[in-house]
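So the structure is just underneath, and the comments pick up after that.
Please treat every number below as a calculation from the coordinates, not as lab data. Computed from a prediction, not measured in an experiment: that's the story for all the values here. Because the Cβ atoms are built from the backbone with ideal geometry, glycine has one as well, and the counts that use them run over all protein chains shown.
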Amino acid sequence: MNVILFDNEIREQLLPLTYLKPVCELRLGVLTIREKWERTLNCPVSVLTQEYLTEKYVTAYGPRNILINSSVLPTPTLVKLIRQMTMNEAFVMGDELIAAKLSGEQVERMIRDEEIGDELRVFPLEGEELLKINRVYDLFRLNKQALENDFELLTRNRVSAELSATNRVIGPRERIFLEPGASVECSTFNLNDGPVYIGKDALVMEGCLVRGGLAMGEGSVLKMGAKIYGPTTLGEYCKVGGEVNNVVFQSYSNKSHEGYLGNSAIGEWCNIGADTNASNLKNTYEEVRLWNYVEQRFAPTGLQFCGLIMGDHSKCGINTMFNTGTVVGICANIFGTGFPRQFIPSFAWGGPQGFTTFRAEKAFDAIERVMDRRGQSLSVQDRLILLRVFEDTARYRSWEK
């Protein structure tokens, strides 16, 4: 089958984490949403997303195509329904399209934003049939279930690499799985509240205390003495230390030192300075309000616990203090004493004492230095995408006016 994961208006609700990528490239649990669908359906998938991302993320379609909403995670019920679809059938939840089976010509018209709804036989889905991210904080809110599902998907009928006898395991031992090359010594794992998945060539240094669930991507590192409360995810090649509780890190991001981070979502290529702390609970215990890019205001979340949302390529200096429910855009560089504002625009440079603009060419220089350390490079496509976001986010940098 030819499968396309398509973005819709939910993408705007997931900013700033979707400025540089489609929704399906977000990670929660162990895998990205794209990887979940590829493994579940046993086929490659392509993406239908915003125009400025299409040179990097190309849409491939044929005579018969299954389109799936990028914000939806695979569940057994939904996968069964999708496999049984016939041409011109569609599943919806409320007014939102969840999945459809379309011809190549219909996909072309959908790309051109032409209406095809009248041609489809539409069937409503119940909410309990879906596992779906609708807001940026759903990444950590739904991480427990996503991690459980991915653990089952990745470990079914497989045997874990051997866990060293220097470690202590509390709970069912089959709930910890090591991929080849993983190194784990002198650490404690409590598996009663969730599984632990340790990816290929990942490293758990001595003295770590882990209460599952935990997912570690390929090449990721838990630093000595780290204290991890699940459900927490480390994407590929992340380095994490200190105290972490229910945080989802995308790939190549670091929180290597002491400091607390809880109920948070961190993008790619971020760095959180030593002894940085982020509040995830208001002193009044009231509901947390979070900057919403669609509503252009701080909107209620329904959550009592909500920490830091940080977009790709953003950094903060040592001893940074973040208030409850802080949103940081992409390519921001934050430093200084005191609490910075709770919404920090993209390409901001500064802190509580004020901000200036992190000019695009300077940001590119910093990004290239960071990526070079990991053997990666900034492509021309990536530069063009960053420039587009730099322009689009200028309206939030009030000091430029």
- Note on the structure: Put in order of increasing Cβ neighbours within 10 Å, starting from the fewest, VAL380, VAL23, VAL370 give VAL380, VAL370, VAL23
- If you wrap a convex hull around the C-alpha atoms of the chain and split its volume per residue, what is the figure in Å³? 144
- Message: Counting only pairs 8 or more residues apart or on different chains, how many lysine pairs in segment 138-400 have their Cα atoms under 28 Å apart?
- Response: 28
- Long-range amide H partners of VAL196 with built H, under 5 Å: ILE176, PHE177, LEU214
- Message: Suppose the Debye formula is applied to equal point scatterers at every Cα of segment 218-307; what is log10 I(q)/I(0) at q = 0.11, 0.13, 0.21, 0.26 Å⁻¹?
- Response: -0.33, -0.45, -0.99, -1.26
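Assuming 0.692 mPa s and 37 °C, estimate D for segment 2-131 with Stokes-Einstein, Rh taken as the Kirkwood radius over Cα pairs, in µm²/s.
Details: Rh = 14.8 Å.
Answer, rounded: 221 µm²/s.
Which order do PHE305, PHE347, PHE91, PHE335 fall in if you start with the one that has the fewest other Cβ atoms within 10 Å? All intermediate terms of the calculation are to be shown ahead of the outcome.
On the way: PHE305 21, PHE347 27, PHE91 24, PHE335 17.
Final ranking by Cβ density, sparse to dense: PHE335, PHE305, PHE91, PHE347.
Hey, fewest Cβ within 10 Å first, where do THR232, THR393 land in order? Don't skip to the answer; put the middle values down first.
Details: THR232 28, THR393 21.
In order of increasing Cβ crowding within 10 Å: THR393, THR232.
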